[in-house]
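The values are calculated or read from the model by the stated rules, or taken from the named source; none is laboratory data. On a predicted model such as this, the values are computed, not experimentally measured, just so you know. For neighbour counting, all protein chains shown are included, and Cβ atoms are generated from backbone atoms with ideal geometry for every residue, glycine included.
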Amino acid sequence: MIAEAERIFTRLGVDLDPRRPAQGLSIADQQIIEIAKAISLDAHLLIMDEPTAALSGVEVERLFAVARSLRDEGRGIVFISHRFDEIFDLCDTITVMRDGAYVGTTPTDQTTNDELVTMMVGREVTELYPKIPAEIGETVLEVEGLTAAGVFSDVSFTVRAGEIVGLAGLVGAGRSEIARAVFGVDPYDAGTVRMHGRSVGKHSPTAAINAGMALVPEDRRQQGLVVESSVARNIGAAIRSRLARLGLISAASENRAAGPWASRLQVKTSALSMNAATMSGGNQQKVAIAKWLATDPKLLIIDEPTRGIDVGTKSEVHRLLSQLAGEGMAILMISSELPEVLGMADRVLVISEGRISAELSREEATAEKVMHAATARHEAIREEAVA
Amino acid sequence: MTTTTPAPAAAESVQLGERRRRYANYHRPWWFRAFITTEFLIIALLALVWLWATVSVENFSGPLTVRYLLLDIAPLMMIALPMTLVIITGQIDLSVASIMGLSSVLVGIFHVEWGLSIPVAGALAILVGVLCGGLNGFLVAYVKLPSLAVTIGTMALFRGIAVGLLGTTALTDFDPEWTSLATSSLGESRVPAVVVPVVVLIAVFAVLLHFTPFGRGLYDIGHNEEAARFSGVNVARSQMTTFILSGAVSALAGIFYTLRFGNSRGDNATGLELEVIAAVLLGGVLIFGGRGALHGVIAGVLLIGVISSALRLEGVTVNVINIIIGVLLIASVMAPQIVSGLQRWRPGKEKR
């Protein structure tokens, strides 16, 4: 077995001791071992899903060298990546997927960056978004130099009253993590978060709620709601201390608080005592939004507001966000759907690999610009800045 | 904290759709919510067993039986209350009986050897109980260790300290005024006076669990810790609190136990933690956390007390009683599934 491993390592041109444990190896070497494993199984087709995500430049080169030599031996490689430079560097043909569907395939030497972006963006932004222009007021949220090592770094932005700020970028770019840090669910290493000029205690959702923040998280079943609890308890969950009188809370007070919110958002349920678990995704999302609107927030952070919900509810949520902004609420909306970002946001911040790579006004923002900024690598951004 | 119902200001006029809807508060009629529950099943079982014992067990209905029954289950009842809170958050505290033993030893040393009065000695013992619970809570809530492992460890640790302090000796020279108070009765009746503090404790814990934001948070933590955190529930502090309550009440139960038998020993109350947990689970509290109610737990404790007492009068040995309670416990862990099946059953509608 060891001899076999040595044979494969030599073939791959890597210098590793087959006897040592894989733990403690660099990520690149671990990737190489994964590949060696695939070769030992005599795989003819190798699928690599974002293999370079955790690698440095030199390590990427090593990985690519191995990949090329495998190709030259006649094995097929499917290389999944967001990074254009790597795709153009390594691949012979490029296939674009969007929203889980096949868009097109083209030989690498017959296409350009811009053509790919157009394919990735695809549909024209013709869907109707009910964005009504709102009067933009004073600054509500100020985030300065927010950094969490290895997740995101030096993130600064503001959100003003009546403004919808879209946080765009690819999945895994660090958008949700930024939102969680701002809201205090996750800790951060450096930077400040201020609401109405006053700094908000870090790593404390309670402090964030008291400062007027609300976060409708990405995963409503795991984070947004306690689905085993009733609609009334869920809607009342973030305002319990306000519902309590002399420290005591009653089911009646929860029902009184929950009823109007369920009605405003047209939650479909036979009674407030129904568990959220049995509801449709759209209905659950309405309950999650109701829970946070009940806190009377000044800033609503909403992560993937329409993921996994039906078209009807989707447009209801868009209408709702627009209404809320119209009434002076500051809204930070994270979305992976470009049309949603472009249709709803007054301003778009594009996050790439944990940093803000572009800030675009509603007029400036086009699908192409957002997608370019989202796929940018920092080296490239920095070079541009220098040049 | 304000006393007014929050008036949503910014989002006041938000309204999707034309019609305003009024929702029913409950989707089940009151009798369904009251009777088709795990708790009611246990209460009904308790009533049946009581009836059977009264009719067919000689001497069960006599006043002395009730008196000893209540004296016997008092520590069980006390500790079952904070244990319910702990289990509802999805944790467990196996160290309660060891804290009782430690508290028994300490109150003996403070009172008999150092000459402190019972209230002072008792207060110090409860303080130690708080510290013991605090240690459990710290390791579970802040160091994030599994409570099963932590409290198995502290179960041995606290018991070890208790036995180490007194060795095999027992302190028995307690102030007779206090030992007789521990077994005294209410007025002319045969109901022991300890029922009063136990009822007060029940009331406090019932309010804490069912009518405070803290209690609501415990259920959230048991169901889904992450969602609780996102809602602003202070998960670590809540867990810490439940373990401290558990330590304090266990110490209190240890003091009662010591005074009742006039006897301070390191091995007092050994094994009681299993009886407490059995009673809590029998009362319909879900071992995985998130569901349970205090009236069910009270019925669970009484059920264990009545069965033990009735069978003992029948001359059944302790081993057989333990077998019966074990079988009941397993049945009770299965009961929620049967009840939830019943609750989901809708006449005339197809099953989901």
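Structure values in brief
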| quantity | calculated |
| --- | --- |
| Evaluation of A:GLY282 against (1) touching an Asp or Glu at 6+ places or on another chain (Cβ under 6 Å); (2) of a type outside the set (Phe, Trp, Tyr); (3) without any contact (Cβ under 8 Å) to a residue 24 or more places away in the chain (one fails), failing number | (3) |
| Selection status of A:ALA168, assigned by TED's automatic domain parsing to the domain that holds A:ILE289, crowded, with 21+ Cβ neighbours inside 10 Å and in contact with an Asp or Glu (Cβ under 6 Å, 6 or more places away or on another chain) | no |
| Selection status of B:VAL318, on the phi < 0 side of the Ramachandran plot and without any contact (Cβ under 8 Å) to a residue 12 or more places away in the chain | yes |
| Among residues of region B:15-61, those that are among the hydroxyl-bearing types (Ser, Thr, Tyr) and within 14 Å of another protein chain (Cβ to nearest Cβ), counted | 3 |
| Residue check for B:LEU218: in contact (Cβ under 8 Å) with a residue 24 or more places away in the chain, touching a Phe, Trp or Tyr at 6+ places or on another chain (Cβ under 9 Å) and either within 14 Å of chain A (Cβ to nearest Cβ) or in a helix (DSSP H, G or I) (or both) | no |
| Candidates A:SER229, A:SER250, A:SER241, filtered to the one that is at the interface with chain B (Cβ under 7 Å from one of its Cβ atoms), over 32 Å from the mean Cα position of the chain (by Cα), of a type in the set (Ser, Thr, Tyr) and within 16 Å of B:LEU218 (Cα to Cα) | A:SER250 |
| Residue match in region A:315-334 (condition: out of contact with any Leu (no Cβ under 6 Å at 6 or more places or on another chain), in contact (Cβ under 8 Å) with a residue 12 or more places away in the chain, among the charged types (D, E, K, R) and away from chain B (no Cβ under 12 Å)) | no |
| Wholly within region A:296-382, helices (runs of 4 or more DSSP H) carrying at least 1 residues that are closer than 30 Å to A:ASN210 by Cβ and modelled with pLDDT of 90 or more | A:311-326, A:338-344 |
| Subset of region B:243-282 (residues that are surrounded by fewer than 23 Cβ atoms within 10 Å (Cβ to Cβ) and β-branched (Val, Ile, Thr)) | B:ILE244, B:THR270, B:ILE277 |
